[in-house]
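Here is the structure we will look at, set down as structure tokens.
The values are calculated or read from the model by the stated rules, or taken from the named source; none is laboratory data. Remember, predicted model here, so these are calculated numbers, not experimental data. No Cβ is skipped: glycine too gets one built from the backbone with ideal geometry, and neighbour counts run over all protein chains shown. These area figures cover heavy atoms from the full protein model, side chains too; ligands, DNA and RNA do not enter into them. Shrake-Rupley method; radii C 1.70, N 1.55, O 1.52, S 1.80 Å.
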Amino acid sequence: MEKYLHRLIHLSRTAGLRLLTAATVVLSCAAPAQTPADYSQGGCFILNEDWYTHANSTLNWLSDAGEWTYRAFQKANDGKELGATACFAAIHEGRLYIVAKQEKDPGATVAGGRLTVCDAQTLECLTQLQAIGENTDEKDSPDGRAFLGIDSEKAYVSTNNGIFLFDLRTQTFGPQIPGSSNPNGDAYGSHYLG
């Protein structure tokens, strides 16, 4: 698992150069590389939030040789896309977990997911969930924020309205962690009301 962790780049507004999330990243003018058959062979992922109101998020690959694979997730999964404003990705137990704030960008034609689970070596999409939480539909779903794998059975997914248990065996959400919900009683209150 550790060999995958150093391959993930995600730039956070507050975390500095620890990981890489950006609306636009310009690092090379080289032509896109062919999709590698095995993403565990030297390189890193770059999660791109993309341009809100225009497109869903994307995932790129930069090999150790400096070759780019743009839109690697879409290339590995014909017809599928990530959710909108993806903000976090982590590799746990051989799988890549990508968390997005919304399941679909207003300008996109394809719905992705608030949580996308892929094989970490091939990027094959294993699960895509458009809502976070137990018995939640897309309209009432909180926005995704981050993923934390605990063991081979359990993970936590944080949102703008609390933290939810995620069952890694069934790839389904469990209950919200008691005491983690927004104290204003809605998903957005503390973020937009002060």
Rounded to the nearest whole Å², what accessible area per residue is found for the stretch 42-117 with the 1.4 Å probe?
35
Restricting the stretch 134-167 to GluC sites (Glu not before Pro) in coil, as DSSP defines it, with at most 12 other Cβ within 10 Å
E134, E153
Obtain the nm distance between the two label points defined at E93 and Y52 by a simple spin-label model: each point lies 7 Å from its Cα along the Cα-to-C-beta direction.
3.2
Accessible surface of the stretch 110-187 [probe 1.4 Å, protein heavy atoms]: carbon and sulfur percent
46
Using DSSP to define loop residues, name the trypsin sites (Lys or Arg not before Pro) in the stretch 136-170 whose beta-carbon has at most 15 other beta-carbon atoms within 10 Å.
R169
Other residues with Cβ under 13 Å from the Cβ of T136 give, with Lys and Arg +1 and Asp and Glu -1, a net charge of -4
